[in-house]
Amino acid sequence: MNIRVVQIFGFLFTVLGWIFVACTMAMEYWKITAIGGLGGSNIIKVAWYWSSLWRACFTDSTAVTNCIDFPVLWSVEDYIQVVRGLLMSALTIGMLGFVLCLMGMECTYIGGKDKHKNRTALSGGICHIISGLSSFSAYVVYANNVSAEYFNPHFVGLRFDLGTPLFLGWVGSAFEMAGGVFYCVSVGKLLSTQSPKEDKPEETKPKAGTEVYSRSKIYSKSKLSSESRLSSESRLSSESGLSSRSDLSSVSETSSSLGSSVTSGSRSDRRAFNRNSYV
């Protein structure tokens with residue numbers, strides 16, 4: 001499976017689990033019991049007693065509800081204080097995990113380099129796992145107290161059953177822990193796919209300044225070589241022009257010398273002819 005897909009699944013699971021846990025803190029009916037029976041041949045009276053983390057209520061058959069809010073913090077039962085603290089710490093750690101995972105996910109452009117993003121995603125996944133464990137333990141503490149009273153034969157009082165928020169919270173805790181595991185697995189895949197051969201070129205890559213300098217150096221060398229080629233070609237052309245001019249001048253000189261010798265020979269022949277004719 002693709003690493004980004006694994007991280008997206010982890011993000012969805014953690015968001016869903018965190019929302020479930022947050023909703024259970026405000027929900028009613030953490031524990032509930034119903035009492036009633038026949039009050040005559042035609043009358044049935046039923047009443048429901050239920051409680052949450054913040055208050056205890058009573059609802060009769062006419063749908064009239066009377067509630068008593070829990071007093072100050074130190075007057076609440078100990079196990080309720082423990083559950084409140086664990087759930088609030090779970091939500092806080094889960095929010096920190098969201099921030100770290102968003103910075104460390106591969107599909108986001110925040111968080112720095114790949115190594116830093118991997119560490120951030122791993123730490124975010126661990127935060128989600130810790131958050132899920134904290135919320136799961138809070139529900140276990142509450143359920144343990146309720147079940148201990150229910151199964152105790154010497155307990156005198158109302159025997160409560162487990163309510164809906166406990167089961168929803170357990171599902172949310174499982175989702176959040178599964179999302180944290182997804183994040184950790186994705187980071188493990190990234191680390192396993194990075195071989196040392198792939199890391200070496202990254203370390204030996206030149207910086208931007210050195211690359212620009214090398215490019216300018218190569219450009220200057222090519223420019224110098226082209227200029228030297230042009231100068232050598234111009235020199236060759238000038239030398240060939242001078243040699244051709246010197247050859248033409250030597251040819252003209254030889255032709256002129258030959259012409260002068262011919263003219264002098266013709267003049268001497270004319271003079272000899274004239275002398276013979278005179279005699």
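The values are calculated or read from the model by the stated rules, or taken from the named source; none is laboratory data. In this text, all values refer to a predicted model and were calculated from it rather than measured experimentally. Virtual Cβ from ideal backbone geometry, glycine too; neighbours counted across all protein chains shown. SASA here: full protein model, heavy atoms, side chains in, ligands and nucleic acids out. Shrake-Rupley method; radii C 1.70, N 1.55, O 1.52, S 1.80 Å.
Is it the case that Gly111 is at pLDDT below 90 and either open to solvent by less than 50 Å² (accessible area, probe 1.4 Å) or in a helix (DSSP H, G or I) (or both)?
yes
Take the conditions (1) loosely packed, with under 15 Cβ neighbours inside 10 Å; (2) under 26 Å from Asp161 (Cα atoms); Leu12 misses just one of them, which is (2). One residue stands out among those in region 146-185 that are touching a Lys or Arg at 6+ places or on another chain (Cβ under 8 Å) and in a helix (DSSP H, G or I): the one that is most open to solvent (accessible area, probe 1.4 Å), which is Tyr150. In this structure, is Val141 of a type in the set (Val, Ile, Thr), open to solvent by less than 40 Å² (accessible area, probe 1.4 Å) and touching a Phe, Trp or Tyr at 6+ places or on another chain (Cβ under 7 Å)? So Val141 fails the test. With the condition kept exactly as written, say whether any residue in region 158-172 is among the hydrophobic types (A, V, I, L, M, F, W, C), within 25 Å of the chain's Cα centre (by Cα) and under 25 Å from Phe9 (Cβ atoms). Within region 158-172 (the criterion being among the hydrophobic types (A, V, I, L, M, F, W, C), within 25 Å of the chain's Cα centre (by Cα) and under 25 Å from Phe9 (Cβ atoms)), the answer is no, since none of the residues qualifies. Looking at region 61-90, which of the residues that are open to solvent by less than 30 Å² (accessible area, probe 1.4 Å) and aliphatic (A, V, I, L, M) is farthest from Ile3 (Cα to Cα)? Checked region 61-90; the qualifying residue farthest from Ile3 (Cα to Cα) is Val76.
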